[in-house]
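Presented below is the structure to which this report refers.
The values are calculated or read from the model by the stated rules, or taken from the named source; none is laboratory data. If you're wondering where the values come from, they're calculated on a predicted model, not measured in any experiment. Here the Cβ positions follow ideal geometry from the backbone for every residue, glycine too, while neighbour counts run over all protein chains shown.
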Amino acid sequence: MSPDDISRALARPGRASIPYIDRYSRDRPLVLECFRPQGHNPDKPVVIVQHGMSRNGAEYCEAWVPAAERHGLLIVAITFSKESWPDAVTYNNGHVLAEDGSLRPRECWSQAIPRPRLCAIARSGRDAARQDLSVGPSRRRAVRPSAATQPHGIFEAVGAANSG
């Protein structure tokens with residue numbers, strides 16, 4: 001799905017499951033589980049939610065619906081399927097190393113994947129400087145590497161959620 005398709009899908013209020021193929025991980029499809037409340041506008045934040053090892057992005061999106069409706073937040077929960085991102089090496093640890101053990105380019109790391117989504121959302125008229133990232137339970141250890149290894153100027157806040 002192109003950035004324009006994503007923008008169109010996110011322009012309508014309600015739930016949307018958007019298939020996405022990242023240009024740096026073409027063999028590893030993703031799904032963006034999204035919710036846009038009636039009251040969302042370009043001045044309201046976008047919250048990117050990342051699940052843990054349970055790969056339950058749809059559940060995380062649903063859990064954010066009450067807060068989204070109350071505060072006008074656009075929710076985007078990225079789902080890394082077990083079939084495409086099968087283990088801790090590819091998902092939790094960021095898919096940093098190639099098969100031969102060499103360092104993969106930074107833009108190819110799984111930790112870099114939220115950035116293209118945010119760019120697509122920003123193209124739809126939203127302020128890219130007002131994005132928040134919430135990370136799910138099994139992924140909480142990745143908050144530090146994600147924030148430390150990727151450009152973070154587009155995030156207003158980054159935090160671990162649902163730890164424990």
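Screening region 50-105 for residues that are basic (Lys, Arg) and touching a Lys or Arg at 6+ places or on another chain (Cβ under 8 Å) and picking the one that is modelled with the highest pLDDT gives Lys82. Regarding Arg126, is this residue at pLDDT below 55, crowded, with 19+ Cβ neighbours inside 10 Å, assigned to a helix (DSSP H, G or I) and not small (Gly, Ala, Ser)? Criteria not met by Arg126. The numbered conditions (1) in a loop (DSSP other than H, G, I, E, B); (2) without any contact (Cβ under 8 Å) to a residue 40 or more places away in the chain; (3) over 19 Å from Tyr24 (Cα atoms) are all true for Val89 except (3). Just so you know, in region 9-26 the residues that are surrounded by fewer than 13 Cβ atoms within 10 Å (Cβ to Cβ) and of a type in the set (D, E, K, R) include one that is farthest from Trp85 (Cα to Cα), and it is Arg12. Inclusion of Pro42 among residues that are modelled with pLDDT under 85 and touching a Lys or Arg at 6+ places or on another chain (Cβ under 6 Å) is warranted. Considered as a group, the residues in region 70-90 that are small (Gly, Ala, Ser) and within 16 Å of Gly57 (Cβ to Cβ) include one that is surrounded by the most Cβ atoms within 10 Å (Cβ to Cβ), and that residue is Ala77. If you go through region 20-49 and keep only what is out of contact with any Phe, Trp or Tyr (no Cβ under 9 Å at 6 or more places or on another chain) and among the hydrophobic types (A, V, I, L, M, F, W, C), you end up with Ile21, Cys34, Val46. Out of region 55-89, which residues are farther than 29 Å from Lys44 by Cα, in contact with a strand residue (DSSP E or B) (Cβ under 8 Å, 6 or more places away or on another chain) and not small (Gly, Ala, Ser)? Val89 - this is the single residue of region 55-89 that is farther than 29 Å from Lys44 by Cα, in contact with a strand residue (DSSP E or B) (Cβ under 8 Å, 6 or more places away or on another chain) and not small (Gly, Ala, Ser). Looking only at residues in region 96-110 that are closer than 18 Å to Pro29 by Cα and touching a residue at least 40 places away in the same chain (Cβ under 8 Å), which one is surrounded by the fewest Cβ atoms within 10 Å (Cβ to Cβ)? Result: Glu107.
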